[in-house]
1. Tally the residues that are out of contact with any helix residue (DSSP H, G or I) (no Cβ under 8 Å at 6 or more places or on another chain) and β-branched (Val, Ile, Thr), restricting the search to the stretch 143-173.
2. Please specify each residue of the stretch 142-167 satisfying the condition of being within 13 Å of the chain's Cα centre (by Cα) and not aromatic (Phe, Trp, Tyr).
3. In the stretch 110-135, how many are of a type in the set (Asp, Glu) and in contact with a helix residue (DSSP H, G or I) (Cβ under 9 Å, 6 or more places away or on another chain)?
4. Looking for whichever is modelled with pLDDT of 90 or more and either within 22 Å of Asp150 (Cβ to Cβ) or not aromatic (Phe, Trp, Tyr) (or both) here; the options are Asp10, Asp15, Asp48. Which one fits?
5. Taking the condition of being closer than 16 Å to His129 by Cα, open to solvent by 40 Å² or more (accessible area, probe 1.4 Å) and assigned to a strand (DSSP E or B), how many residues in the stretch 81-103 meet it?
6. Quick one: which residue in Arg84, Arg96, Arg105 is under 26 Å from Thr160 (Cα atoms), modelled with pLDDT under 90 and of a type in the set (Lys, Arg)?
Amino acid sequence: MAKEPHGRQDREERDSEFVDRLVHINRVAKVVKGGRRFGFAALVVVGDQKGRVGFGHGKAREVPEAIRKATEAAKRALIRVPLREGRTLHHDVNGRHGAGKVILRAAPAGTGIIAGGPMRAVFESLGMHDVVAKSLGSSNPYNLVRATFDALKREDSPRTIAARRGLKVSQLQARRGDTSADGAEA
């Protein structure tokens, strides 16, 4: 058995940690002199189920090639999303892309993923276990996935907010309790 080059074996190990979900396939036609030429467009979501997720779009004359191109594009465009206890969001967040609008809400343990098709694929690839999501406006899978990513990019962890304000996380959590006490006194 011939030994593989080190780079290729390393890349295959790295690729195996990702799960990819095919969200949508669209058959597209190009009208040419002799009739129509058909091609396929694929939308794929890729994630490591540990807080990293990405999506990609690929077009080709054959379905498997379109899916391969979309998967490659998704692996190049990964984002990291902070998760509370590795299972849900830190806070509720809205996102939009075009006419597609989404609302993502943090949920208690045991809730599960309550979301429609394209959003569900994103959350499962991300490794999120509890979330409630609603899509408003467009039901186009491309716009819904992009709107979901817009919302996930707006997600902040208490650690990043504390660092931005120059505080410790414990001070930030203590302040949150103080503001409700001030409101009760007034």
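The values are calculated or read from the model by the stated rules, or taken from the named source; none is laboratory data. If you're wondering where the values come from, they're calculated on a predicted model, not measured in any experiment. Here the Cβ is made from the backbone with ideal geometry for all residues, glycine too, and neighbour counts use every protein chain on show. The protein model used for the area step is the full one, side chains on, heavy atoms only, and it has no ligands, DNA or RNA in it. Shrake-Rupley method; radii C 1.70, N 1.55, O 1.52, S 1.80 Å.
1. Selection size over the stretch 143-173: 1.
2. Step one: of the stretch 142-167, the residues within 13 Å of the chain's Cα centre (by Cα) are 142-155.
Within the stretch 142-167, Asn143, Leu144, Val145, Arg146, Ala147, Thr148, Asp150, Ala151, Leu152, Lys153, Arg154, Glu155 meet the criteria.
3. Narrowing the stretch 110-135 to residues of a type in the set (Asp, Glu): 124, 130.
If we keep only those that are in contact with a helix residue (DSSP H, G or I) (Cβ under 9 Å, 6 or more places away or on another chain) as well, we get none.
Within the stretch 110-135, residues that are of a type in the set (Asp, Glu) and in contact with a helix residue (DSSP H, G or I) (Cβ under 9 Å, 6 or more places away or on another chain) number 0.
4. On the way: Asp10 fails: modelled with pLDDT of 90 or more; Asp15 fails: modelled with pLDDT of 90 or more.
Among Asp10, Asp15, Asp48, only Asp48 is modelled with pLDDT of 90 or more and either within 22 Å of Asp150 (Cβ to Cβ) or not aromatic (Phe, Trp, Tyr) (or both).
5. Matching residues across the stretch 81-103 total 1.
6. Details: Arg96 fails: modelled with pLDDT under 90; Arg105 fails: modelled with pLDDT under 90.
One residue alone meets the criteria, Arg84.
Here is a yes/no grid of residues against (1) at positive phi; (2) at pLDDT below 90; (3) open to solvent by less than 30 Å² (accessible area, probe 1.4 Å); (4) touching a Gly at 6+ places or on another chain (Cβ under 6 Å):
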residue	(1), (2), (3), (4)
Gly137	yes, no, no, yes
Tyr142	no, no, no, no
Ser170	no, yes, no, no
Gly183	no, yes, no, no
Ala186	no, yes, no, no
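For (1) part of a loop (DSSP other than H, G, I, E, B); (2) open to solvent by 80 Å² or more (accessible area, probe 1.4 Å), each residue gets a yes or a no:
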| site | (1), (2) |
| --- | --- |
| Val53 | no, no |
| Arg105 | no, yes |
| Thr111 | yes, no |
| Pro118 | no, no |
| Ala133 | no, no |
